[in-house]
1. Under a Cβ-Cβ cut-off of 10 Å, what is the net charge of the residues other than T229 that fall near it, where Lys and Arg count +1 and Asp and Glu count -1?
2. Percent of alpha carbon pairs in the chain separated by more than 28 Å?
3. Kindly give Rg over Rh for region 173-353, based on alpha-carbon atoms, with the Kirkwood expression for the hydrodynamic radius.
4. Taking every eigenvalue of the Cα gyration tensor of region 114-172, multiplying by 5 and rooting it, what semi-axes result, largest first, whole Å?
5. Could you give me the ³J(HN,Hα) list for region 360-373, computed from phi with Karplus coefficients 6.51, -1.76, 1.60 and θ = phi - 60°, whole Hz, x at Gly and Pro?
6. Take the alpha-carbon centre of region 1-59, take the same for region 351-373, and report the distance between them in whole Å.
7. Quick one: how many lysine pairs in region 173-353 have C-alpha atoms under 22 angstrom apart, if they're 8 or more apart or on different chains?
8. For region 155-166, just list the computed ³J(HN,Hα) in residue order, Karplus coefficients 6.51, -1.76 and 1.60, θ = phi - 60°, integers in Hz, with x standing in for Gly and Pro.
Amino acid sequence: MRVLMTGGGTAGHINPALAIAADIRRRVPDAEFLFVGATGRMETELVPKAGYPLKTVTVKGFSRQLTPAGIAHNVSAAWHAVTAGSACKKILKEFKPDIAIGTGGYVSGPILRAAAKTGIPVVVHESNALPGVTVKMLAKYATAICLPTEASKAKMPSGSCPLVVTGNPLRAEFLSVDKAAARAAIGADDRPLVLSFGGSLGARPINEAMVEVLAQSAASGRCQHIHGTGKNGYDDTVAALQEKGVPTDRNGISVRPYIDNMIDCMAAADLVICRCGAMTISELPACGVASVLIPSPYVAENHQFHNAMVLVNKGAAVCIEEKDLDGKTLAAAIDRLLADPATLRNMGEAARKDAILDASDRIWEVIEKALNK
């Protein structure tokens, strides 16, 4: 079985592709893989690190800005789209895949379109609640498209190929979390535990708001905090906390540049404060934990807001948009939730009901059907 995988630009596209590839390899140990990514993007580091061969093509996304710079960018993008088409045909001719699987990002467009036109079955997986432009474009070429939620179907164009709700593939550790064991593993005490983070690079507005939250919490001692600043925000956050006399590694407060035991921390938490990337929105339900979601306004089509609404509409989360975020607002939201254990518990249960824990099985079923066709 020869599998061409594509998807890139951000971890939100690359990690699902790696998870799907790992699941296929588990089921079909002799499967051969080739990843296709964009030149100079994140996949050029993550894919080889995971042990898969990678070929790159030079592509650019199109700008929605009708400025001189935006128009010039689009002229360049159109040129690269033409040259990428030729490169993709060459890759397909050399690798001869039995199936092509994509997870979004503009790099997946030309290679999957070329694969479909040559009769290769194409499966697309969308991890965000709001399908991206590339996924919508591929709807008339693909054999099937896997979606994270039922509500995502309504956001696809009419006349799409078969749409299947599969959810997002999770790491195996998320499928059997145990709150008591996780709290013991991280040394949590009996006080409520709040986990907060803004991603591996960090989110400055979240870090700044959390300085105020941690200062209030240090004064009251009512709860425990684990806060991940991201590598770019650690020094500034620590300096701001030290200026307020707030400890960063004692009295139940732990401030770290990176949370390397995220599964245990999320499973142990009573409340999570975070962005709304596609995988995070799938991991929170798997852990059955309530959340305060702060969508990034800097992503394409504001898709993190749509991700957040999936849990908000189920009663599993509250949303604070970044334009409304400050330390006082966030502290008030946390205090309100922690003061009402029944509501917090109900939110966690609502999140767990939304969990799709067999996403890998569902995606594999779609792949098998595509191959059989």
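Values in this text are rule-based calculations from the coordinates and carry no lab data. All values derive from a computational prediction rather than experimental measurement. Cβ: placed from backbone, ideal geometry, glycine included. Neighbour counts: every protein chain shown.
1. +1
2. When every Cα pair of the chain is considered, 47 percent fall beyond 28 Å.
3. Answer for region 173-353: 0.93.
4. One finds semi-axes of 19, 14, 9 Å for region 114-172.
5. 4, 5, 5, 5, 4, 4, 5, 5, 4, 5, 5, 5, 5, 5
6. The distance from the Cα centre of region 1-59 to that of region 351-373 comes to 19 Å.
7. 5
8. With coefficients 6.51, -1.76 and 1.60, one gets 9, 8, x, 5, x, 5, 5, x, 10, 10, 7, 10 Hz.
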